[in-house]
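Take a look at the structure set out below.
Each reported figure results from applying straightforward, stated rules to the coordinates on display, with no laboratory input. If you're wondering where the values come from, they're calculated on a predicted model, not measured in any experiment. Virtual Cβ from ideal backbone geometry, glycine too; neighbours counted across all protein chains shown.
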Amino acid sequence: VTEDVRDALARKRDGGVLTEDEIRSLVLGYARGEVADHVASAFLMAAFIRGLDGAETASLTRAMVESGTTLPLRGVSRPKVDKHSTGGVADAVTLVFAPLAASLGLAVAKLSGRGLGHTGGTLDKLESIPGLRTDLTVDALERQVEEVGCAVAAQSRDLVPADGTLYALREATATVPSVPLIAASVMSKKLAVETDLILLDVKAGSGAFMKTPEEAAELAGVCVGLGEAWGRRCTAAVTDMSQPLGDAVGNALDIAEAVTILRGQDHGRLRELTLLFASQAMEALTGVPSAEAVSRAEHALESGDGLETFRRMVEAQGGDPRVVDDPATVLPSAPHIRPLLADLPGAVTSMDGEAIGRASVMLGAGRLRKGDAIDPSVGIVLHAKIGDRVEVGQPVGEIHARDPVSADAAAARVLASMTVSEEPVEPPPLVYGWHHA
Ligand code: URA
């Protein structure tokens, strides 16, 4: 086996192509603990540098799906939609989308990931709710989706275990921002769950793994192509990540922000994008005309229907449901909160989303090494967006930290990540384009 694996690694290293069997034995072997970290790391780095062609990407995706059981969701009677982001900063769309879509009569069974690199992870955010569990069995996930309308769970020994293990290894080996590796990771989790529609949020910009809309469009095309090859309906939006999407960059802070949106009290870009996805799903799956789908989704936020569904989801997963009534009391809070004051006057022209995400990781909200513990309470709240005018000394957000030293360091990093100009600046578009299969 070792000789064969070494030959395959050498071929990929030199720009050759791997067979379906080679990819399958690497991926399945690694998921079972029979292939060592260093062997899988060499594969990832070779794949990162040399790329994977369409057939290799499909083989990788298939092997990852085959590493666990699939979820046919036969017991779920409503139209089923799944949604996934390729990873962003202040990107809590799923936390709002899942209960919102469920309150509109759709079913959302979502397998999510943990924070990766500078980006946050839905599972980490959700687990900041005391008691909440994401290690649902296949049966529990299906039952919850039928009863509540939505569930957000981790990859497990049952569901796409190979993505859980490879994801952590990619994080540790600087092999995350690769089109085929991200496409296989995202799509394996989506293909393992039988849904009627896959919605992908492919992020583009400084806070995303794909830094330009063109690269993101390539990733969207590969993902949608994989969906099509599997005979699945799949829609991808390339969306702006040239700045944090919402205001909260952390874990508990994102939950608090999601609750505010579900209460109908926040009208920013995070809410707007979530409404777009929810109305797209409704239109595609129920045939409701677009304008009506948008107004029904807005109504579900204003009426509190989405919030009630979130409460039921949290409760079903063992979390403290009072988080929807009083997030500040229920969620962990950081011991040190420092205001963030603008240090230059002018219109915000750009933000380095990755630097802001890294500042949050340095505070303890994300992992520097595979398996590190995170601190759910810490993070950044940043209200300023590209196009806003700020004055010197104006409060633009807060740093939530364990101590004053790390708060000061994070504040300096966040301020350094922003540029301003004398001239007025147009905000970037929210959506660059849609891809359908
Ligand atoms: N999200 C995923 O699920 N996988 C990746 O590789 C990147 C973002």
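Per DSSP helix of 4 or more residues, -39500 (n - 2.57); summed, then divided by the residues of the chain. What does that give at 222 nm, rounded to the nearest 500? Let's see the in-between values first.
Values: 17 runs with 199 residues, N = 437.
Value at 222 nm, helices only, nearest 500: -14000 deg cm²/dmol.
Taking amide H atoms as placed 1.01 Å from N in the peptide plane, list the residues 5 or more away in sequence, or in a different chain, whose amide H sits under 5 Å from that of GLY149.
Hits under the 5 Å cutoff: none.
From the alpha carbon gyration tensor of the stretch 291-354, can you work out the equivalent ellipsoid semi-axes (sqrt of 5 times each eigenvalue) and give them in Å, largest to smallest? Walk me through the numbers before you get to the answer.
Numbers: eigenvalues 205, 112, 22 Å².
Semi-axis lengths for the stretch 291-354 are 32, 24, 11 Å.
Taking Rh as the Kirkwood radius computed over C-alpha pairs, what is the Stokes-Einstein D of the chain at 37 °C in a medium of viscosity 0.692 mPa s, expressed in µm² per second? Numbers along the way, then the final one.
Values: Rh = 21.8 Å.
Rounded to a whole number, D works out at 150 µm²/s.
Provide the net charge surrounding THR260, with neighbours chosen by a C-beta distance below 12 Å and charges set as Lys +1, Arg +1, Asp -1, Glu -1. Don't skip to the answer; put the middle values down first.
Details: positive: ARG263, ARG271; negative: ASP247, ASP254, GLU257, ASP266.
So the environment of THR260 carries a net charge of -2.
So what's the convex hull volume per residue for the Cα atoms of the stretch 248-301, in Å³?
Working: hull volume 4.1 nm³, N = 54.
With only Cα atoms used, the stretch 248-301 gives 75 Å³ per residue.
If each residue of separation counts as 0.36 nm, what is the full-extension length gain between ASP388 and GLU194 once their alpha-carbon separation is subtracted? Walk me through the numbers before you get to the answer.
On the way: separation 194, 0.36 × 194 = 69.84 nm, distance 4.27 nm.
Gain on stretching ASP388 to GLU194: 65.6 nm.
Just to check I understand the Karplus step: with θ = phi - 60° and J = 6.51 cos²θ - 1.76 cosθ + 1.60, what whole-Hz values come out for the stretch 336-346, glycine and proline as x?
Karplus-based 3J(HN,Hα) across the stretch 336-346 equals 10, 10, 10, x, 10, 10, 4, 10, 9, x, x Hz.
Just for the Cα atoms in the stretch 181-267, what are the lengths along the principal axes, largest first, rounded to whole Å?
Projected onto the principal axes, the Cα atoms of the stretch 181-267 cover 41, 29, 20 Å.
Could you compute how fast the stretch 231-277 diffuses translationally, taking Rh as the Kirkwood radius over C-alpha pairs and applying Stokes-Einstein at 4 °C with viscosity 1.567 mPa s? Give it in µm² per second. Could the numbers behind the result be given before it?
On the way: Rh = 12.1 Å.
For the chosen part, D equals 107 µm²/s.
Too long at a 27 Å Cα-Cα cut-off: which of LYS190/LYS385; LYS12/LYS110; LYS189/LYS211; LYS110/LYS385; LYS125/LYS190?
Working: LYS190/LYS385 32 Å; LYS12/LYS110 33 Å; LYS189/LYS211 23 Å; LYS110/LYS385 29 Å; LYS125/LYS190 20 Å.
Pairs exceeding the cut-off: LYS190/LYS385; LYS12/LYS110; LYS110/LYS385.
What order do you get for 51-59, 75-83, 322-330, 197-205 when each peptide is scored by the mean count of other beta carbon atoms within 10 Å, highest first?
Sorting 51-59, 75-83, 322-330, 197-205 by mean packing, highest first, produces 197-205, 75-83, 51-59, 322-330.
Starting from the alpha-carbon convex hull of the stretch 1-128, give the projected area averaged over all orientations, in nm². Show your work: numbers first, answer last.
Working: hull surface 39.9 nm².
Directional mean of the projected Cα hull area for the stretch 1-128 stands at 10.0 nm².
With a ≥ b ≥ c taken as the square roots of the eigenvalues of the C-alpha gyration tensor of the stretch 381-437, please select rounded if a/c is under 1.5 and otherwise prolate if a/b is larger than b/c or oblate if it is not?
Values: a/c = 3.17, a/b = 1.54, b/c = 2.06.
Judged from the Cα gyration tensor, the stretch 381-437 comes out oblate (a/c at least 1.5, b/c at or above a/b).
Rounded if a/c is under 1.5, else prolate if a/b is larger than b/c, else oblate: which is the stretch 1-67, with a ≥ b ≥ c the root eigenvalues of its Cα gyration tensor? Could the numbers behind the result be given before it?
Numbers: a/c = 1.60, a/b = 1.09, b/c = 1.47.
Cα axes put the stretch 1-67 in the oblate bin.
Explain nothing, just the number: dipole magnitude of the chain about its Cα centre with +1 on each Lys and Arg Cβ and -1 on each Asp and Glu Cβ, in debye rounded to the nearest 20. Provide the component values of the computation, followed by the final result.
Values: 41 positive and 60 negative charges, 126 e Å.
Its charge dipole is roughly 600 debye.
For the stretch 200-346, what class follows from the C-alpha gyration tensor (a ≥ b ≥ c being the square roots of its eigenvalues): rounded when a/c is under 1.5, otherwise prolate if a/b is larger than b/c, else oblate?
Working: a/c = 1.84, a/b = 1.21, b/c = 1.53.
Oblate, since a/c reaches 1.5 and b/c is not below a/b.
Go ahead and set up a Gaussian network model of the chain, Cα springs under 10 Å, then flag whichever of PHE209, PHE48, PHE310 fluctuates most.
PHE48
With the Cα gyration tensor of the stretch 284-409 in hand, give its eigenvalues times 5 under a square root as the equivalent ellipsoid semi-axes, listed largest first in whole angstrom.
Details: eigenvalues 203, 114, 46 Å².
Values for the stretch 284-409, descending: 32, 24, 15 Å.
What is the set of long-range amide H partners of GLN394 at a cut-off below 5 Å, with H atoms built 1.01 Å from backbone N?
ALA342
Can you list the HN-Hα couplings for the stretch 152-159, worked out from phi with the Karplus curve (6.51, -1.76, 1.60; θ = phi - 60°), rounded to whole Hz and with x for Gly and Pro?
Karplus-based 3J(HN,Hα) across the stretch 152-159 equals 10, 10, 8, 4, 9, 4, 7, 10 Hz.
Under the definition of Cα pairs under 8 Å and six or more residues apart, what whole-number percent is the relative contact order of the stretch 152-211? If you can, show how the numbers build up before the last one.
Numbers: 26 pairs, mean separation 18.0, N = 60.
Rounded, it is 30 percent for the stretch 152-211.
Which percent, nearest 5, of DSSP beta bridges in the chain are antiparallel?
Details: 25 of 45 bridges.
Percentage antiparallel, nearest 5: 55.
Can you pull out the trypsin sites (Lys or Arg not before Pro) in the stretch 1-78 that DSSP calls coil and that have at most 11 other Cβ atoms within 10 Å? Could the numbers behind the result be given before it?
Values: sites: ARG6, ARG11, LYS12, ARG13, ARG24, ARG32, ARG50, ARG62, ARG74; in loops: ARG32, ARG74.
Those satisfying the criteria are ARG74.
Using +1 at the C-beta of Lys and Arg and -1 at the C-beta of Asp and Glu, which of HIS435, GLY397, VAL420 has the Cα lying farthest in the positive direction of the dipole of the stretch 377-437?
The Cα lying farthest towards the positive end belongs to HIS435.
Restricting to Cα pairs below 8 Å that are 6+ residues apart, what does the relative contact order work out to for the stretch 104-235? Please round to a whole percent. Each step should come with its number before you reach the end.
Working: 157 pairs, mean separation 28.2, N = 132.
Reported relative contact order: 21 percent.
When every alpha-carbon pair in the stretch 59-183 is counted, what percent end up more than 27 Å apart?
Details: 1244 of 7750 pairs.
Everything past 27 Å amounts to 16 percent.
Once the Cβ-Cβ distance between ASP53 and ARG322 is put in as r, and R0 is 35 Å, what FRET efficiency do you end up with, to the nearest 0.05? Could you put the intermediate results ahead of the total?
Values: r = 51 Å, r/R0 = 1.46.
Once the sixth-power term is evaluated, E becomes 0.10.
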